[in-house]
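Participant: I have a structure I would like to understand better, so I am pasting it below and will then ask my questions one at a time.
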Amino acid sequence: MQRSSSPEIEIDTRRADTVRRTLWYGLVVVILIWCAVIPVFDGNLSLYFAMMMWVTLATGLNFIAGFTGYMPFGYVAFYGIGAYATGIAVKVLGMSVYLAIPFAGVVGVLFGLLIAPTLRLSGIYFAIVSLSLAIICQRAIALMPEEVTGGSLGLNLGVVTVREHGYYAMLLILVAALLTASWLARSRLGKALKAIRDDAEAAEALGVNVTRSRLYAWLLATLFPALAGGTQAWFTGALDPQTAFDVLVTAKTVIYAMAGGLGTVLGPLVGTVVLVWVDELIWRAFPVLNNFLLGAIIAALILFAPRGLIGSLTRRYPRLRRYIM
Amino acid sequence: MTDAILSVDGLVKRFGGLVAVNEVSFDVPRGLIVGLIGINGAGKTTLMNCVNGIYHSDGGRVVVDGHDMTNHKPHEIASLGVGRTFQIPRIFHRMTLIENLMVPVLGSEKSDAELTDMAEACLDRVDLYPLRGNNGEELSGGQQKLLELARVLMFDPALILLDEPFAGVNPSLCRIMIQQIEKMKQDGKSFLLVSHDLTSIYRLSDQISVLNQGEIIASGTVETIQSDPAVIEAYLGN
Ligand SMILES: Nc1ncnc2c1ncn2[C@@H]1O[C@H](COP(=O)(O)OP(=O)(O)OP(=O)(O)O)[C@@H](O)[C@H]1O
Ligand SMILES: [Mg+2]
């Protein structure tokens, strides 16, 4: 049989695994060290914080959009809820901010659980309901008593928190998100999710518990934005309903993740880093045309690389698939 | 029948006013291949979808291996050992062939390495081994049919529902498929086989049922079906 007579292929596959793992963990370590030393050398803290936050958000979105094909247009709700859970925990409950972030994560996941029944909807219906829920959250928080949420003015945390610590918290969350993504891609849950994305009915007919697998992906996708939102509130020291539930947060996350390639582990990371940098460079060079140029670049990307940078690369060179996921 | 792996009793499925499956009853005895034939739109695929839970039926019972599985979820029915292929192949386009074969065994206790070996062996049985690292979307229509069969091999179910497995597959690969089906039957598997390829279905089936406008109009051995005037009129047209 041709199968057993090709030992070099077996070796090749094993080598590809090693190369992939080395590349991946190497990359995570480089990012970790790079971001970790920025504050020491007095680098552009805000830019790097933003970069880490967007990568985390894009990676979190990938868990549901990339792995199961659900596009939550109301993704920002979890970010906003995380921010407010942190704000309320610190200002109203007097919790330490270091505890408030995990608390925000729990609140985000609980909210995700609460609205999990919307996963029964599919495609555009899910997207629209998700968007409406985000808007409802924003209004509800703005209308709550001022002693709790600060009303439409928001809350100010600046006096009780240290900005640099918030920066490092974001770094930890980023690393956790990347490791989760790399675990998921290789795990059986990840395979179930990809099968569901490609054809849920066929996956179910083959014994995959679609409802349960989707729920797990959903909870992962709600955890990271909640953590990121909380940490953003910590880092900036302030939060208000307008910015915490800004639809642009969802839009940017979706664009960054798609630019890199949904459904790949590297995609959201690469897409975010590239676009955030491009944005920064254009902004420095052409302050007036900034948004116009960025829009043109994004349109061109979607047009010429509809599966994102990584997705298109692996489509052109299928052999690469074994090295980068 | 005493030892049936699948027993369908008075099954009804309506789409609005259309009765696609009308009070259908039949058994698939353990270890045998039951062929199901009928003209386009007779209700064969609908019947299969009711058996494996993709459709909610409007009446009747589906009993798998002694368990009443009427209107249970497809994954529950699958976990009792019911595998199937689809008339129009439904493979996982953005997963590699190996990953495609992993899907039915995600709950297995075997290690990933063992399962990968098994998947490679299954791909080899349908001549797809060289393409194992490609994505599903890179397969031709016929190759997709073969991949579906390999997925069933991997699944190793006790009862296998095959909906038009030979459509669009070239004769030499058809022969491979027939061999695989015969081999699985020797291993004790039972089949419900739908096909318009009468030569293959007559060759493989132990029993045949003929479906016409949602009703079974004849059942029996290949010989009785071939000479049944009602079948000839409904199916072969005079
Ligand atoms: N999802 C659906 N909604 C509405 N009507 C349907 C649906 N699926 C099937 N039907 C109808 O049910 C009848 C039986 O269809 P079915 O697909 O079971 O036929 P079939 O015997 O598999 O035919 P073929 O040999 O062409 O595959 C047809 O009249 C068809 O139009
Ligand atoms: Mg059909």
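Participant: Could you list, ordered by first residue, the pairs with Cβ atoms under 6 Å in which the first is in segment B:75-89 and facing another protein chain (nearest Cβ under 7 Å) and the second is away from ligand 2 (no atom under 16 Å from the Cβ) and small (Gly, Ala, Ser), at least 6 apart or interchain?
Facilitator: B:His75/A:Gly207; B:Ala78/A:Gly207; B:Ser79/A:Gly207
Participant: Test each condition in (1) part of a helix (DSSP H, G or I); (2) out of contact with any Gly (no Cβ under 6 Å at 6 or more places or on another chain) for A:Leu93 and report the one that comes out false.
Facilitator: The one condition A:Leu93 does not meet is (1).
Participant: If you don't mind, another one. Within 14 Å of chain B (Cβ to nearest Cβ), closer than 30 Å to B:Leu162 by Cα and outside any helix (DSSP H, G or I): which single residue out of A:Gly263, A:Gly207 fits that description? Explain how you work it out, then say what you get.
Facilitator: Values: A:Gly263 fails: closer than 30 Å to B:Leu162 by Cα.
After applying the criteria, what remains is A:Gly207.
Participant: Within the group B:Val63, B:Val19, B:Val28, which residue is away from every other protein chain (no Cβ under 14 Å), away from ligand 2 (no atom under 15 Å from the Cβ), closer than 20 Å to B:Val210 by Cβ and at pLDDT 90 or above? Please lay out each step first, then the result.
Facilitator: On the way: B:Val63 fails: closer than 20 Å to B:Val210 by Cβ; B:Val19 fails: at pLDDT 90 or above.
Of B:Val63, B:Val19, B:Val28, the one residue that is away from every other protein chain (no Cβ under 14 Å), away from ligand 2 (no atom under 15 Å from the Cβ), closer than 20 Å to B:Val210 by Cβ and at pLDDT 90 or above is B:Val28.
Participant: Residues being part of a loop (DSSP other than H, G, I, E, B), surrounded by 15 or more Cβ atoms within 10 Å (Cβ to Cβ) and among the β-branched types (Val, Ile, Thr): count how many of those fall in segment A:23-70.
Facilitator: Pass one, segment A:23-70, residues part of a loop (DSSP other than H, G, I, E, B): A:38-44, A:69-70.
Filter once more, so that each one left must be surrounded by 15 or more Cβ atoms within 10 Å (Cβ to Cβ): A:38-39, A:69-70.
When the remaining residues are screened for being among the β-branched types (Val, Ile, Thr), the result is A:38.
Number of matching residues: 1.
Participant: Against the condition more than 15 Å from ligand 1 (Cβ to nearest atom) and in contact with a helix residue (DSSP H, G or I) (Cβ under 8 Å, 6 or more places away or on another chain), how does B:Arg175 come out, does it pass?
Facilitator: Numbers: more than 15 Å from ligand 1 (Cβ to nearest atom): yes; in contact with a helix residue (DSSP H, G or I) (Cβ under 8 Å, 6 or more places away or on another chain): no.
Taking the combined requirement at face value, the residue does not satisfy it.
Participant: State which residue pairs qualify: first residue part of a strand (DSSP E or B) and inside segment B:211-228, second residue away from ligand 1 (no atom under 16 Å from the Cβ) in any location, beta carbons under 7 Å apart, and separation of 6 or more residues or different chains.
Facilitator: Partner pairs satisfying both residue conditions: B:Ile217/B:Ala230; B:Ala218/B:Ile225; B:Ala218/B:Asp228; B:Ala218/B:Ala230; B:Ser219/B:Gln207; B:Gly220/B:Gln207.
Participant: Write out, first by first residue and then by second, each pair whose Cβ atoms fall under 8 Å of each other, whose residues are 6+ apart or on separate chains, and whose first residue, in segment B:24-51, is without any contact (Cβ under 8 Å) to a residue 12 or more places away in the chain and near ligand 1 (Cβ under 6 Å from one of its atoms) while the second is assigned to a loop (DSSP other than H, G, I, E, B) and among the β-branched types (Val, Ile, Thr).
Facilitator: Qualifying pairs under 8 Å: none.
Participant: Would you pick out the residues in segment B:5-23 that are surrounded by fewer than 20 Cβ atoms within 10 Å (Cβ to Cβ) and away from ligand 1 (no atom under 12 Å from the Cβ)?
Facilitator: Listed by number, the residues that qualify are B:Ser7, B:Asp9, B:Gly10, B:Val12, B:Glu23.
Participant: So how many residues does segment B:161-170 have that are within 13 Å of another protein chain (Cβ to nearest Cβ) and aromatic (Phe, Trp, Tyr)?
Facilitator: 0
Participant: Confirm whether B:Pro165 is within 16 Å of ligand 1 (Cβ to nearest atom), modelled with pLDDT of 85 or more and part of a loop (DSSP other than H, G, I, E, B). It would help to see each step written out before you state the result.
Facilitator: Values: within 16 Å of ligand 1 (Cβ to nearest atom): yes; modelled with pLDDT of 85 or more: yes; part of a loop (DSSP other than H, G, I, E, B): yes.
It is true that B:Pro165 is within 16 Å of ligand 1 (Cβ to nearest atom), modelled with pLDDT of 85 or more and part of a loop (DSSP other than H, G, I, E, B).
Participant: Sticking with this structure for a sec: Out of segment B:1-20, which residues are within 19 Å of the chain's Cα centre (by Cα), more than 15 Å from B:Gly53 (Cα to Cα) and small (Gly, Ala, Ser)?
Facilitator: B:Ala4, B:Ala20
Participant: On the basis of being out of contact with any His (no Cβ under 6 Å at 6 or more places or on another chain) and in a loop (DSSP other than H, G, I, E, B), does A:Gly108 make the cut? Please lay out each step first, then the result.
Facilitator: Details: out of contact with any His (no Cβ under 6 Å at 6 or more places or on another chain): yes; in a loop (DSSP other than H, G, I, E, B): no.
No; evaluated as a whole, the condition is false for this residue.
Here is a yes/no grid of residues against (1) without any contact (Cβ under 8 Å) to a residue 40 or more places away in the chain; (2) small (Gly, Ala, Ser); (3) in contact with a helix residue (DSSP H, G or I) (Cβ under 8 Å, 6 or more places away or on another chain):
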position	(1), (2), (3)
A:Glu201	yes, no, yes
A:Thr211	no, no, yes
A:Gly237	no, yes, yes
A:Val265	no, no, yes
A:Leu289	yes, no, yes
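Participant: Also, quick follow-up: Of everything in segment B:109-135, what is part of a loop (DSSP other than H, G, I, E, B) and either at the interface with chain A (Cβ under 9 Å from one of its Cβ atoms) or buried (at least 20 other Cβ atoms within 10 Å of the Cβ) (or both)? Give them in sequence order.
Facilitator: B:Val126, B:Leu128, B:Arg132, B:Gly133, B:Asn134
Participant: In segment A:185-204, what residues are more than 7 Å from chain B (Cβ to nearest Cβ) and of a type in the set (D, E, K, R)?
Facilitator: Scanning segment A:185-204 gives A:Arg186, A:Arg197.
Participant: Here's a follow-up. Report yes if some residue within segment B:91-98 is more than 9 Å from chain A (Cβ to nearest Cβ), under 21 Å from the mean Cα position of the chain (by Cα) and at pLDDT 90 or above; otherwise report no.
Facilitator: Yes: one or more hits.
Participant: Restricting to segment B:138-162, name every residue that is in a helix (DSSP H, G or I) and of a type in the set (D, E, K, R).
Facilitator: Residues of segment B:138-162 in a helix (DSSP H, G or I): B:138, B:141-155.
Listed by number, the residues that qualify are B:Glu138, B:Lys145, B:Glu148, B:Arg151.
Participant: Among what's in segment B:60-89 and is among the basic types (Lys, Arg) and surrounded by fewer than 24 Cβ atoms within 10 Å (Cβ to Cβ), pick the residue that is farthest from B:Ile5 (Cα to Cα). Quick ask: steps written out before the conclusion?
Facilitator: Taking segment B:60-89 first, the residues among the basic types (Lys, Arg) are B:61, B:73, B:84.
Now restrict to residues that are surrounded by fewer than 24 Cβ atoms within 10 Å (Cβ to Cβ): B:61, B:73.
Values: B:Arg61: 14, B:Lys73: 18 Å.
This residue is B:Lys73.
Participant: Let me ask something additional. Among the residues of segment B:31-60, write down those that are more than 10 Å from ligand 2 (Cβ to nearest atom), assigned to a loop (DSSP other than H, G, I, E, B) and under 22 Å from B:Ile201 (Cα atoms).
Facilitator: Listed by number, the residues that qualify are B:Gly31, B:Leu32, B:Ile39, B:Asn52.
Participant: Residues of segment B:136-160 being facing chain A (nearest Cβ under 9 Å) and among the basic types (Lys, Arg), which ones?
Facilitator: Selection gives B:Arg151 alone.
Participant: Name every residue in segment B:90-134 that is acidic (Asp, Glu) and without any contact (Cβ under 8 Å) to a residue 12 or more places away in the chain, in order of residue number.
Facilitator: Taking segment B:90-134 first, the residues acidic (Asp, Glu) are B:99, B:109, B:112, B:114, B:117, B:120, B:124, B:127.
Those that are acidic (Asp, Glu) and without any contact (Cβ under 8 Å) to a residue 12 or more places away in the chain: B:Glu99, B:Glu109, B:Asp112, B:Glu114, B:Asp117, B:Asp124.
The values are calculated or read from the model by the stated rules, or taken from the named source; none is laboratory data. Everything quoted here is computed from the prediction, not taken from an experiment. Every residue, glycine as well, gets a Cβ built from its backbone with ideal geometry; the counts of neighbours run over all protein chains shown.
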